[in-house]
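Inspection log for the structure reproduced underneath, given as structure tokens.
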Protein chains: 2
Amino acid sequence: MADFMKEGFLNHISLDCVIFGFHNNQLKVLLLQMKYSKEWALPGGFVKETESMEEAAARTLEERTGLREIFLQQFHVFSEPKRSKINHAVKDLKNSGAGPDEKWFNQRFISVGFYALVDFEKATPMHDFFSEKCEWKALEEIDRLMMDHNQILDKALETLRLQLSYLPIGYNLLPEKFTMPELQKLYETLLGRKLDRRNFQRKILSWKILNKLEEQKKGGAYKAPFLYEFNLENYNTALKEGLSDPM
Amino acid sequence: MADFMKEGFLNHISLDCVIFGFHNNQLKVLLLQMKYSKEWALPGGFVKETESMEEAAARTLEERTGLREIFLQQFHVFSEPKRSKINHAVKDLKNSGAGPDEKWFNQRFISVGFYALVDFEKATPMHDFFSEKCEWKALEEIDRLMMDHNQILDKALETLRLQLSYLPIGYNLLPEKFTMPELQKLYETLLGRKLDRRNFQRKILSWKILNKLEEQKKGGAYKAPFLYEFNLENYNTALKEGLSDPM
DNA sequence: TTTAACATGCGTCAGTTTGACACAATATTA
DNA sequence: TAATATTGTGTCAAACTGACGCATGTTAAA
């Protein structure tokens, strides 16, 4: 019998979702607090035999937020053997009494990272069986996460920033109607630096993914900014074909 | 006992490597021909419990080519449930007598795709236990591959093309010393379109990843082009930090 | 040996994009 | 009503891009 078929050779697959939301000009991430270890963790899950990873991730996202049809993308596989050694999630699983199968817990876990961009207002955080809380956390207030989830979060952000240059971003993150300053704040938050207001507007508009609406946003202070909505047709085209050609 | 812990819930992980080489102005891929089904397939493998996926991929690459320390990157997870249903690899495994464990073969396989760029001249193709041939195939002559390996190859190319715009490419693909036309042919092949000779040179040189050497390449026809080598220091910096800023 | 053919090295130029900034318009607050 | 803060729109020079010209070096044909 070949090595890789032995019982001890089993590698279990899980997935972790980095669910981004945007609120009060802050980028937030949906986190769970584990029942027993009290550690904070990214929402995760397992794949059913009849599902693709993408379907499993979408299911996980829906179970934690109630949201469907969201931009959700795999970005990296995390497979360091050590990542599941000091596995507090395993402790939580054990303590939960969900399954006392010692053998199963001793397996090694390889996790596929997904990230999603959702509308903060529309999401309804719901914790799962292993956790007792589900909350939005601003990036700055996130400290130590369970296992290698800090790394996973970092990699998600890094990927998102890269994609920012060739994919349209914002459709699921912002409300239906939004202002140019709001969109700019989103980009600034994601990139981690200030952008020139006028150059930003010129660039975004050149992508033709926005529809300009009537003047509104009268509630705010000072001059009322115009409202925009995404032009879904062009937006989706840009998602498929990218915003600019390489080289 | 939770669903995902049941025996039937096992998802097995494998990896597939898309190993690119460049020869005679053609992009080539290293393929294996299976012993029993005679189908052509990407080199693949399994992960040991003590390895990361990256280490397993590097091991697979070395076993098929003899090469180490090569640019090797994961690019996508392939997890459609159907992908392992009509699994000729499984037939091959069965027929090989490697392990008649029916249960194991009935598992579902999720595969992590890696791609590598290697020097055609330095690689020594070696087939594995399940295959009888290991050969370089030009992209054009690749027809039907095993399972979803056509998809995997397509996705690898797509990823490579995207990376072309923000990562330096060529170090492991070309010999130590090469000419500007050779580098351009590589880019043209990867992008699938012609580039202007003079503009290409201007762009590449602006990246500062090349060292210009003495005039040589006297063997060829017509005017002798200059030889270049990669400036490894700048090359590696560019690999980490990218060639241009997003937005 | 001469000449035509061909690929390379190096340069030009106009159109476009980018980054930095000015100024008027509009809404709130004092 | 004036001061203040924020948005809408425009300008301009520098940098970048795409398209192309011409001289040079090497081979192959005349």
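Of note:
- Loop chymotrypsin sites (Phe, Trp or Tyr not before Pro), segment A:182-247 (other Cβ atoms within 10 Å of the site Cβ: 14 or fewer; DSSP): A:W207, A:Y222
- Remark: segment A:59-68, residue by residue, has Karplus-estimated 3J(HN,Hα) of 5, 4, 4, 5, 5, 8, 10, x, 9, 10 Hz, where x stands for each Gly or Pro and the curve is 6.51 cos²θ - 1.76 cosθ + 1.60 at θ = phi - 60°.
- For A:I19, the residues 5 or more places off, or on other chains, whose built amide H falls under 5 Å of its own are A:L30, A:A116.
- Once C-alpha pairs closer than 8 Å and six or more residues apart are averaged by separation and normalised to the residue number of segment A:147-229, the relative contact order reads 28 percent.
- A cut-off of 5 Å between modelled amide H atoms, ignoring neighbours fewer than 5 places along the same chain, links B:K133 with B:Q33.
- Extension gain (nm, one decimal) between A:N150 and A:L191, 0.36 nm per residue minus Cα-Cα: 12.9 nm
- Take the accessible area of chain A alone and of chain B alone, subtract that of the pair, and you get about 4300 Å² summed over both chains, using a 1.4 Å probe.
- Two-site FRET efficiency, B:K203 against A:K122, from Cβ-Cβ distance with R₀ of 60 Å, rounded to 0.05: 0.85
- Antiparallel %, DSSP beta bridges [both residues in the protein assembly as shown], to 5: 70
- Coarse-grained scattering of chain A at q = 0.09, 0.12 Å⁻¹, given as base-10 log I(q)/I(0) from a Debye sum over alpha-carbon atoms: -0.45, -0.75
- Per residue of chain B, the DSSP helices (runs of n ≥ 4 H) give a summed -39500 (n - 2.57) that works out to -9000 deg cm²/dmol at 222 nm.
- For the protein assembly as shown, the alpha carbon convex hull comes to 161 Å³ per residue, rounded to a whole number.
- Relative contact order, percent, chain A [alpha-carbon distance under 8 Å, six or more residues apart]: 23
- Remark on B:E39: its backbone amide H falls under 5 Å from those of B:M34, a criterion applied only to residues 5 or more positions apart or on other chains, H modelled at 1.01 Å from N.
- Here each label is just a point 7 Å from Cα along the line to Cβ, and for B:E233 and B:R59 those points are 3.7 nm apart.
- Karplus-derived 3J(HN,Hα), 6.51/-1.76/1.60, for each residue of segment A:205-211, Hz, glycine and proline x: 5, 5, 7, 6, 9, 10, 10
- Computed from the C-alpha gyration tensor, the three semi-axes of the ellipsoid equivalent to segment B:133-247 are 27, 20, 13 Å, from longest to shortest.
- For a label point 7 Å along the Cα-to-beta-carbon line of B:E140, residues of segment B:21-48 with backbone N under 19 Å: B:21-31
- If the chain linking B:F71 and B:K212 were pulled fully straight, counting 0.36 nm for each residue of separation and taking away their Cα-Cα distance, it would gain 48.5 nm.
- The 3J(HN,Hα) values that the Karplus relation (6.51, -1.76, 1.60; θ = phi - 60°) gives for segment A:123-130 are, in residue order, 7, 10, x, 9, 7, 10, 4, 8 Hz. Gly and Pro appear as x.
- The simple spin-label model puts a point 7 Å past each Cα toward its Cβ; for A:H23 and B:K223 those points are separated by 6.5 nm.
- Segment A:178-241: C-alpha gyration tensor shape, a/c 1.5 cut-off, then a/b vs b/c: oblate
- In the context of the full set of protein chains, chain A has a per residue accessible area of 49 Å² (1.4 Å probe).
- Given chain B, longest segment not containing exposed loop GluC sites (Glu not before Pro) (DSSP; at most 15 other Cβ within 10 Å): B:177-247
- Cα long-axis angle, helix B:232-241 against chain B (0 to 90 degrees, to the nearest 10): 60
The values are calculated or read from the model by the stated rules, or taken from the named source; none is laboratory data. All values derive from a computational prediction rather than experimental measurement. As a convention, Cβ positions derive from the backbone with ideal geometry for all residues, glycine included, and neighbour counts pool all protein chains shown. These accessible areas exclude ligands, DNA and RNA; they are computed on the full protein's heavy atoms, side chains included. Shrake-Rupley method; radii C 1.70, N 1.55, O 1.52, S 1.80 Å.
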